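Participant: Below is the structure I would like to discuss, written out as structure tokens.
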Amino acid sequence: MIELRQVSKTFNRNTPNALTLFSDLNLKIEEGEFVTLIGSNGSGKTTLFNLICGTLYPDSGTIYFDDSEITHMAEHLRNRSFARVFQDPLKGASPSLTILENLSMANRKGKPFDLGRAVRREDISHFRSLLSFLELDLQDKLDTPVSALSGGQRQALSLLMATLVTPKLLLLDEHTAALDPKTSDRIIELTSKIVKDKGITAIMITHNLKQAIECGDRLLMLHKGEIVLDLKGKEKAALSVSSLIERFDRLKITGDLSDEMLLSDN
């Protein structure tokens with residue numbers, strides 16, 4: 001599905017502030033996998049997403065998607081197959097447009113835009129059904145501007161928009177970090193259901209160890225640009241927050257973990 005082969009990336013090259021984040025990184029995500037990605041601050045999680053999306057290009061190495069090389073493919077071309085939900089709820093939808101208008105635009109992804117109506121009335125019942133599934137009382141607010149929604153409602157809408165046209169790869173970039181615990185749990189529940197029901201290949205960055213353990217079927221830990229933990233199957237199923245922290249301690253990186261990660265079993 002998505003594979004990085006010997007990928008290297010250095011920032012501020014040829015300056016006193018040069019930082020080599022990735023050096024010959026190898027990673028392969030199989031089709032249909034739901035991977036949770038954790039790591040200390042500065043470990044390279046978001047940079048990894050940026051390399052996959054084409055926001056950044058590697059200095060060396062190759063990136064493959066569906067067995068085709070995409071190392072230097074433009075970001076907008078990758079977006080035909082990829083979808084990304086960001087940490088900031090403001091980034092997922094246009095605040096000046098209504099819920100209906102945002103959903104209608106998302107529903108046209110990958111299709112040519114013509115001089116017809118952007119909002120098609122025949123889609124309204126379908127959108128209402130999808131919004132009802134969110135259980136956030138949005139199904140009767142189609143004409144409400146997104147700017148009037150709460151952060152949790154915006155993020156749920158962003159998730160729905162990102163998967164309205166099923167992507168081949170879904171990147172979830174700490175998409176619950178800005179939400180309160182109750183809303184975060186609801187968004188995680190929705191995420192797991194959507195990914196499972198649609199069979200989407202997904203990678204989710206999270207600082208919440210409990211979420212990392214309970215979601216998906218594979219867990220990766222990044223530290224200083226290296227994959228220091230890769231667990232799936234029975235090994236992942238047997239994890240607890242405390243046992244995971246013990247593993248980090250053996251890797252001598254517990255001191256680099258955020259308070260949110262260390263307290264995420266509360």
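Participant: Show me 83-95, 190-202, 136-148 ranked by packing, highest mean number of other Cβ atoms within 10 Å first.
Facilitator: Sorting 83-95, 190-202, 136-148 by mean packing, highest first, produces 83-95, 190-202, 136-148.
Participant: When the C-alpha atoms of the stretch 27-162 are aligned to their principal axes, what extent does each axis show, in angstrom, from largest down?
Facilitator: Answer, in whole Å and largest first: 49, 38, 27 Å.
Participant: Grab the eigenvalues of the alpha-carbon gyration tensor for the chain, scale each by 5, take roots, and send me the semi-axes largest first in whole angstrom.
Facilitator: Equivalent-ellipsoid dimensions as semi-axes: 32, 23, 16 Å.
Participant: Just to confirm a number: summing +1 for Lys and Arg and -1 for Asp and Glu over residues other than Ser81 whose beta-carbon lies under 10 angstrom from that of Ser81, what do you get?
Facilitator: +2
Participant: Could you do me a favour and compute the accessible area per residue for the stretch 123-217, 1.4 Å probe, result in Å²?
Facilitator: About 41 Å² of surface per residue is accessible.
Participant: At a 1.4 Å probe, what is the % contribution of carbon and sulfur to the accessible area of the chain?
Facilitator: 48 percent
Participant: Specify the residue with the greatest mean-square fluctuation among Arg186, Arg121, Arg108, computed from a Gaussian network of the chain linking alpha-carbon atoms under 10 Å apart.
Facilitator: Largest GNM mean-square fluctuation: Arg121.
Participant: Same structure, new question: Please figure out what share of the DSSP beta bridges in the chain is antiparallel and state it in percent, rounded to the nearest 5.
Facilitator: 55 percent
Participant: Further question on the same structure: Once both axes come from the Cα atoms, what is the angle between helix 151-164 and the longest principal axis of the chain, in degrees from 0 to 90, rounded to 10?
Facilitator: Result, in degrees: 90.
Participant: Once the Cα atoms of helix 181-198 and of the chain are each reduced to a long axis, what angle between those two axes, in degrees from 0 to 90 to the nearest 10, is obtained?
Facilitator: Approximately 80 degrees, to the nearest ten.
Participant: If I model a spin label as a point 7 Å beyond the Cα along the Cα-Cβ vector, how far apart are those points for Thr20 and Lys234 in nm?
Facilitator: Once both label points are built, they end up 3.9 nm from each other.
Participant: Can I ask one more? Given Lys45/Lys236; Lys45/Lys141; Lys168/Lys232, which pairs have Cα atoms separated by over 30 Å?
Facilitator: The pairs that break the limit, which is 30 Å between Cα atoms, are Lys45/Lys141.
Participant: Check the straight Cα-Cα distances from Lys28 and name the aspartates and glutamates below 17 Å, setting aside those fewer than 8 residues away within the same chain.
Facilitator: Filter leaves Glu3, Asp66, Asp67, Glu69, Asp217, Glu226, Asp230.
The values are calculated or read from the model by the stated rules, or taken from the named source; none is laboratory data. Not measured: the values here are computed from a predicted model. Counting neighbours? That spans all protein chains shown, and the Cβs are built from the backbone with ideal geometry, glycine included. What goes into the accessible areas is simple: the full protein's heavy atoms, side chains included, and nothing from ligands, DNA or RNA. Shrake-Rupley method; radii C 1.70, N 1.55, O 1.52, S 1.80 Å.
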